[in-house]
Structure formats: C-alpha cells, structure tokens
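The values are calculated or read from the model by the stated rules, or taken from the named source; none is laboratory data. All values reported here derive from a predicted model rather than from experimental measurement. With ideal geometry, Cβ positions are generated from the backbone for all residues, glycine too; neighbour counts draw on all protein chains shown.
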Amino acid sequence: MAIDYSNRERPYELYRKGKREGTWDPDQYDFEADKDDWEQFSDAEQRRFLATCSGFYDGEEDVTRTLAPYMMALDALDNDEMPFDTVQEEIYLAQQVYEEAKHTDLFSRYFEEVFETQDTEPYREGGYQEQGYSTDDLYDTADELLAAINSGDQRELVYALGEAYLNYMGIVEAQLARGGYLSFDQMIELKAEEMGRETVLESFQTAIGKVRQDETRHIENGRWVMKRLAEAEPDIVQDVYEPRIDEYVQNRLLTGPQMDMPFEGYDQRQIGKQTTQYLQDTIDYIGSDHFDEYGDVRAAVQAQRAAD
Ligand SMILES: [Fe+2]
Ligand SMILES: [Fe+2]
C-alpha cells in the first residue's frame with residue numbers, strides 16, 4: 001500500500017485540491033470579444049504584450065516537456081531514507097504535468113485565434129532569455145537529473161532534485177511566471193483605463209486566473225519538497241539553493257527588464273518589490289536561518305546595489 005491514509009502529506013492534499021480546482025478546460029472560453037479588444041492595442045503595445053505572452057507560451061511548453069525526469073528521480077530515491085513519501089509526491093507531479101500541458105494548450109489556442117500566429121521568436125528578441133535566466137535552462141536541469149538517476153548515488157540524486165525544484169518551482173514558477181502575471185495585470189488595467197473601460201481581454205484574464213490558481217499549488221508543493229530535501233541534506237541550502245538564488249538576483253532582480261514599455265504609467269518598481277517578496281516567501285518556507293546571504297532578501301539586494 002503506497003499511501004498511508006493516516007499520514008497524507010502536503011503533496012497528496014494538494015493533489016486532492018487539484019482534482020477539484022484543476023478541472024477547467026481552455027476550450028471553454030470564447031475569445032471573440034478579446035479579438036476586438038486586441039485590435040485597439042497600438043503596434044508598440046501589441047509587441048510588448050506579445051513579448052510577455054511569448055515567454056509564457058514557450059515557458060509552458062518547456063515546463064511540460066521537462067517535468068518527467070523529476071518523477072523518475074523521486075522513484076530512484078530510497079523512500080525509507082527520506083523525510084517524506086516520494087510516492088505521494090510522484091502522484092502530485094503526475095497531476096502537474098497534465099496541468100502544464102493544459103496551460104500550453106491555452107496559450108496555443110490564444111495565439112492561434114487572437115494573435116493569429118504561432119511564432120513566438122520575433123517577440124522574444126531583446127527579451128528576458130538573453131538576460132541569462134530563462135525556461136530554456138530547464139532542459140539542462142532535466143539532463144542533470146537523468147545523469148543523477150543513472151549514477152545511483154542517493155546524495156547526488158537529492159542534490160540534483162534540490163537544484164531542479166529550485167530552478168523549476170522556486171524560480172520559473174514562483175518568480176518568473178508570477179512576475180509575468182503582475183505585468184499582465186498592469187498592462188491590461190492601464191489599457192482599460194485609457195479606453196475608459198472596466199476591463200479588456202476579459203476571457204484572457206479569466207483563463208489566466210485559472211492558470212494562476214494551478215500555479216499556486218505547484219509553487220506550494222515545490223517549496224514543501226525543497227524544505228524536505230533540506231532536512232535530508234542540510235548543506236543543500238548553501239551548496240545549491242543559495243548560488244542559484246544569487247544567479248537569479250544578479251540576472252533579474254538587479255538588472256530588470258531591458259524592453260521598452262509603451263503602456264503609460266507602468267510601474268516596474270512595484271513588480272520588483274512584489275517579486276522580491278515572493279523570493280522571501282520561498283526562503284522563509286525553507287527556513288531563512290539556514291541561508292548565509294539571502295535570509296533577508298531585501299537587505300541583501302540593497303547591500304549589493306550600494307556596493308555597485
Ligand atoms: Fe504552467
Ligand atoms: Fe506550473
């Protein structure tokens with residue numbers, strides 16, 4: 001019996017929650033009104049909105065294609081030696097990979113019907129993937145997991161899993177995707193304001209609301225596993241988590257986006273503040289006192305800005 005029902009762990013509870021919440025279908029939304037709204041965007045506004053959407057479309061495909069090795073790696077761990085039930089986590093990830101596929105499906109349909117293209121490449125030039133931290137990195141992460149599985153070394157597996165969860169759930173989902181939602185919120189709100197409307201791209205916002213709800217579960221599960229892996233191998237925090245967090249801070253938080261912003265009143269500082277708080281939330285979940293430099297993210301970032 002794989003699941004001890006008297007000891008259902010967080011991933012299994014999140015899986016049960018996902019069965020109730022994650023039943024939405026991208027096909028249920030009608031994008032006709034969104035198409036009319038889209039024509040009201042200027043060329044510059046369209047390009048900027050498409051840049052973020054292209055990052056998401058590519059990103060959802062990347063996370064869908066690179067999650068399977070996480071399940072294989074969990075399965076290769078000695079469950080009795082771990083401070084959590086790897087089977088319950090595998091069940092959770094089985095649900096997540098389906099949800100990621102559905103997110104890809106949503107963006108694919110929106111690109112087809114509203115943007116009338118499937119080509120993301122022209123909109124990603126000059127964007128974030130050239131700033132040194134993007135979902136492209138997840139393919140290397142998946143390869144490293146497969147190498148650790150083949151090594152059969154338990155410590156190496158835990159370390160590789162820790163890095164993989166940090167990259168995927170800790171950075172891509174908790175930081176990059178959530179920062180992207182904040183950007184959507186602002187662009188849509190500012191455009192609606194300019195047009196004297198309550199809102200624009202209403203079906204997009206409703207569907208993205210469902211994606212965000214799914215991602216909230218993905219992020220919580222990821223934080224929970226990172227905390228458990230740090231219980232199994234305490235040095236993982238300074239050996240793996242902290243250097244990857246530092247790379248993200250250098251390439252993203254301290255640098256900011258290098259793109260023009262045609263939406264008047266757009267507040268990048270506010271997004272920076274909120275994403276800094278998201279990173280603090282992840283660190284607090286794992287246990288901020290285990291971190292050397294990033295126990296207090298805001299203080300660490302301010303110290304680095306002052307030193308530059
Ligand atoms: Fe997703
Ligand atoms: Fe996700």
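Based on this model, can you work out whether THR66 counts as within 14 Å of the chain's Cα centre (by Cα), without any contact (Cβ under 8 Å) to a residue 60 or more places away in the chain and at negative phi?
Spelling it out, it is not the case that THR66 is within 14 Å of the chain's Cα centre (by Cα), without any contact (Cβ under 8 Å) to a residue 60 or more places away in the chain and at negative phi.
What tally of residues in the stretch 224-245 results from selecting those that are within 14 Å of ligand 2 (Cβ to nearest atom) and either modelled with pLDDT under 95 or surrounded by fewer than 21 Cβ atoms within 10 Å (Cβ to Cβ) (or both)?
Summing the residues that are within 14 Å of ligand 2 (Cβ to nearest atom) and either modelled with pLDDT under 95 or surrounded by fewer than 21 Cβ atoms within 10 Å (Cβ to Cβ) (or both) in the stretch 224-245 gives 0.
For the stretch 155-191, how many residues meet the condition of being among the charged types (D, E, K, R), more than 14 Å from ligand 2 (Cβ to nearest atom) and either within 30 Å of ARG244 (Cα to Cα) or without any contact (Cβ under 8 Å) to a residue 60 or more places away in the chain (or both)?
Selection size over the stretch 155-191: 5.
Kindly state which helices (runs of 4 or more DSSP H) lie completely within the stretch 67-175 and contain at least 3 residues that are among the aliphatic types (A, V, I, L, M).
Those helices (runs of 4 or more DSSP H) span 68-76, 86-110, 137-151, 154-165.
Taking GLU194, is it within 12 Å of ligand 2 (Cβ to nearest atom) and of a type in the set (Asp, Glu)?
So GLU194 does not fit the description; no.
Given the criterion more than 18 Å from THR52 (Cα to Cα), surrounded by 13 or more Cβ atoms within 10 Å (Cβ to Cβ) and within 16 Å of ligand 1 (Cβ to nearest atom), identify the matching residue among LEU161, LEU145, LEU93.
LEU93
Determine the pairs where a residue that is free of Cβ contacts under 8 Å to residues at least 24 places away in the same chain and of a type in the set (Asp, Glu), located within the stretch 135-146, has a partner that is buried (at least 19 other Cβ atoms within 10 Å of the Cβ) and assigned to a helix (DSSP H, G or I) with Cβ atoms under 6 Å apart, the partner being 6 or more residues away or on another chain.
Pairs that qualify, where the first residue is free of Cβ contacts under 8 Å to residues at least 24 places away in the same chain and of a type in the set (Asp, Glu) and the partner is buried (at least 19 other Cβ atoms within 10 Å of the Cβ) and assigned to a helix (DSSP H, G or I), are GLU144/ALA160.
Given the conditions (1) more than 13 Å from ligand 1 (Cβ to nearest atom); (2) buried (at least 21 other Cβ atoms within 10 Å of the Cβ); (3) aliphatic (A, V, I, L, M), which single one is not true for MET82?
(2)
GLU61 passes all but one of (1) under 16 Å from ILE208 (Cα atoms); (2) more than 16 Å from ligand 2 (Cβ to nearest atom); which number fails?
(2)
Scan (1) without any contact (Cβ under 8 Å) to a residue 24 or more places away in the chain; (2) within 28 Å of GLY196 (Cα to Cα); (3) touching a helix residue (DSSP H, G or I) at 6+ places or on another chain (Cβ under 8 Å) for the single condition GLU32 breaks and write down its number.
Here GLU32 clears every test but (3).
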